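FYI, it's all coordinate maths here, none of it is from the lab. Since this is a predicted model, take the numbers as computed values, not measurements. FYI the Cβ positions are ideal-geometry reconstructions off the backbone, even for glycines, and counts take in every protein chain you see.
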Amino acid sequence: MPTRTFTTDDLRAEPARYRALPAEVEALQWTGTNAAAMTNFAAERFAETAPEDRTADPDSTAALLESDHNTWFDLHVGDWVVRRPGGWFGVLDDDEFTDRYEELEPEEGERGDSDSDLFDLISEIASRLRDATDEGEYHAVGLIYDLANGMTTVAEARAEFAELTLRHV
């Protein structure tokens with residue numbers, strides 16, 4: 001981002017009113033049972049909390065490594081994990097989230113695959129890839145990468161995967 005140079009003409013001597021710019025974010029609500037989807041969304045920044053480790057806050061069932069202070073923030077069922085462009089992550093409780101954001105309609109051509117379709121396919125690819133020994137494994141790894149990063153749809157990846165021949169040891 002370019003550095004802005006200020007002159008005395010740019011500076012105000014009196015307060016003025018400002019409004020926050022609308023920002024689009026991606027968010028996923030923690031349900032207490034959607035750890036796979038949360039891991040897919042936040043990667044290593046998300047971790048479930050084992051029951052024996054919940055001594056400080058028994059209602060906290062997971063944690064997120066938030067971006068502002070690079071510290072782990074407790075997640076409670078109903079909290080939202082928010083990802084802004086550029087990879088910033090934060091946590092908002094349900095009231096804060098619904099006060100700040102409204103859901104957008106999907107844009108034309110945007111992926112609409114369900115999480116269960118995605119994870120079923122990743123599981124199928126991974127189980128076959130484990131024993132693969134030819135160049136098909138490299139293509140399968142590419143499909144996993146493309147799925148994980150939203151660069152292909154489940155239907156497209158499934159069709160490509162069906163054409164692969166993976167030999168077993």
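Just a few scattered comments:
- Scanning residues 5 or more positions from residue 73 or on other chains, those with amide H under 5 Å from its amide H are 64, 65, 66, with H placed 1.01 Å from N in the peptide plane.
- Coil-residue GluC sites (Glu not before Pro) of segment 25-111, DSSP, other Cβ within 10 Å capped at 15: 102, 103, 107, 108, 110
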